[in-house]
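Read the structure below first, then the notes.
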Amino acid sequence: MGASDAAARIAGLADECVKCGLCLPHCPTYALDATETESPRGRIALAAAAVAGTVPASPDLRLHLDHCLGCMACERVCPVPVRYAALLVETRAALAPARPRPHALLGVLSRPRLLRAMAAGARWTLARHWAPPLARAWLPEDSALRAAAGLLPVLPSANPGPASPSARAARGRVALFGGCVQGVFERDAQIAAQRLLQAAGFDAVRIDDRCCGALAAHTGDADRARHLGERVRAAFEGSGAQTLVTATPGCLGTLRAALPGARVEDASGLVAAHADVLSFRPLEARVALHLPCTQVNVARSGDALQRLLARVPQLKVQVLPTQAQCCGAAGSHMLEFPQRAAACRGKLLATLPNPAPDLLLTSNIGCRLHLAAGLRENGSSLAVEHPLTLLAKQLDA
Ligand code: SF4
Ligand code: SF4
C-alpha cells in the first residue's frame, strides 16, 4: 500500500468519529494528563491532520500518538463505533515515532528462542542482583534498557514446563498459542490453560515459539507484523485444530486480525463457557483481580473470568476498578515510556484493598511483570499470578 493509500484509509477511519467525546472519561491517558491531545478524540484529529499534511507531523504531535496505550477502552464505549485499533496501527505505520524506538530490545522480545536463551544467561549470571542497580546508576530515567533491567527480579522461570498429555476430546481440538514473551515467562499459565481445557473435554495441543506480531504492529512495523501473522496462520492450519486459544488476551486482537475467518478465543472465556463439567477444591483466600484492558475491551471475557473464579468455594475475589485504569504496561509502552507507565501503575496499585490480599491475579504477562515490579518497588511481597494458574491448582481431579 502506498503512502497516499494509507493517508486515504486513515482519513476514512478518522471521518467515522462524530467527536461526541463519550470516550474521554474512559481513556487512561486523558485521566493522566487531562488534555484533548491525550484523548482518543484528540488523537484521531491529530492523526488525520498529520497524514493529510494540514499540520506538520512534529515530534510533539507524534508524541501524543506514541503515548496511546492501545487499551481500546475508547473503541469499546464508542457509539459509532470508530475502528480505533485499525486507525492506530495504520497511523503508527505511516508516521515515524517521536523518538527512536528501542528496536534491538523489542526484536529480542518477539523472538522466543533468543529471549529464552537470554533469560537463561541472565539467570546464570545472577543479573537480577547486579543489573537493576547498575542501570539505575548509569542510565537515564526514561531509558528502555533501564526499564527492562528493572523487570529482571520479577521474571518468572523461563524453563519450559512439561506438556500435559492429551485427554478426552469430545469437544474437538483447540490449539494453544505459544507466543513470544508469554511463551517464555507465562508457561505456567499456558500449562494451566491446557489442563483446564483438557478437563473441559478439549484436545488441547500447543503451537510454540510463534510471536503474533502485536509488538511489531504497535510499533509501526507492518511488514514484520504481517510476516509473523502468516507464520502463526500456517502453524494453526497445520495443527488440525478448530480454534486458536491464547492464555494472554493481549495477543487476541492481533491474532484475530492475522487470521480472518478463524475462530480465535481467549482461554479464560473458553474455559468459563465450558465450566459446567469442572469442579474445584475450596481455597480459603482473598485475591485481588486485575482485569487487563485487552481482557475487558478486546476479549470481553472479564465477566466470564469472574464467574469462573466464583466456582472456587471459599475464594473471595475483589475486582480492581477498570474505568480509565490501564496499568501502563501496554506492550512496549512500559519500556518506551517508563515514567508514564509507572504513573498509571501507581494509580492502579493505590486501588488494592487494605489489608492486602493474599494474591494479585492478572491474565496478561506484560501487566503481571509491570505490576510485580511496582509492588516490589513499594516493598510489597504480594505475588502476582495468572488466574488460570490458580484455577488449575484447585481443579478437582
Ligand atoms: S471516538 Fe467515538 S466516542 Fe470518541 S469522540 Fe469519536 S465518536 Fe465519540
Ligand atoms: S486506546 Fe486507550 S489510551 Fe489510546 S486513546 Fe483509546 S482509550 Fe486512550
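Computed from the coordinates by the stated procedures, all read-outs in this text should not be read as laboratory data. As the structure is a prediction and not an experimental result, all values here were calculated from the model. FYI the Cβ positions are ideal-geometry reconstructions off the backbone, even for glycines, and counts take in every protein chain you see.
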Original post:
Against the longest principal axis of the chain, how steep is helix 187-199, in degrees 0 to 90 to the nearest 10, with axes from Cα atoms?
Top reply: 60 degrees
Subject >> FRET E, pair ARG281, ALA96, Förster distance 56 Å, beta-carbon r, rounded to 0.05 >> reply: 0.55
Original post:
Under the Karplus relation 6.51 cos²θ - 1.76 cosθ + 1.60, θ = phi - 60°, what is the ordered set of whole-Hz ³J(HN,Hα) values for segment 297-306, x standing for Gly and Pro?
Top reply: 9, 10, 5, 6, 10, x, 5, 4, 5, 5
**OP:** Please order HIS26, HIS333, HIS64, HIS370 by the number of other Cβ within 10 Å, starting at the fewest.
**Re:** HIS64, HIS26, HIS333, HIS370
Original post:
So for THR91, THR389, fewest C-beta neighbours within 10 Å to most, what's the order?
Top reply: THR389, THR91
Original post:
Out of every Cα-Cα pair in the chain, what percent are more than 39 Å apart?
Top reply: 15 percent
Original post:
Under 5 Å between amide H atoms, partner at least 5 residues away or on a different chain: which partners does ARG173 have, H built in plane at 1.01 Å?
Top reply: ASP203, GLN242
Original post:
When a footprinting reagent is the concern and you count Cβ atoms within 10 Å, what order do THR37, THR294, THR29 take, fewest first?
Top reply: THR37, THR29, THR294
Original post:
Taking the Cα centre of segment 279-394 as origin and charging only Cβ (+1 Lys, Arg; -1 Asp, Glu), how large is the dipole, in debye to the nearest 20?
Top reply: 180 debye
Subject >> Dipole magnitude of the chain, debye to nearest 20 (Cβ charges: Lys/Arg +1, Asp/Glu -1, about Cα centre) >> reply: 680 debye
Original post:
Cα to Cα, under 16 Å, and not fewer than 8 places away if on the same chain: which aspartates and glutamates meet these conditions relative to LYS19?
Top reply: GLU36, GLU38, GLU75
Subject >> Hits among aspartates and glutamates - C-alpha to C-alpha of LYS393 under 16 Å, sequence gap 8 or more where chains match >> reply: GLU186, ASP188, GLU284, ASP358, GLU385
**OP:** Measure nothing but the geometry: give the 0 to 90° angle between the long axis through the Cα atoms of 222-239 and the longest principal axis through the Cα atoms of the chain, rounded to 10°.
**Re:** 30 degrees
Original post:
How big is the C-alpha Rg of segment 279-394 next to the rule-of-thumb value 2.2 N^0.38 Å, as a ratio?
Top reply: 1.03
Original post:
In debye to the nearest 20, how big a dipole does segment 173-273 give about its Cα centre with +1 on each Lys and Arg Cβ and -1 on each Asp and Glu Cβ?
Top reply: 120 debye
**OP:** Using just the alpha carbons, could you tell me how many Å³ per residue the convex hull of segment 103-154 encloses?
**Re:** 76 Å³
Original post:
Each residue of segment 75-84 in turn: what ³J(HN,Hα) in whole Hz from Karplus with 6.51, -1.76, 1.60 and θ = phi - 60°, glycine and Pro shown as x?
Top reply: 5, 5, 9, 5, x, 5, x, 5, 8, 5
Subject >> segment 120-126 - phi-based ³J(HN,Hα) in whole Hz, Karplus 6.51/-1.76/1.60, Gly and Pro as x >> reply: 5, x, 5, 5, 5, 8, 6
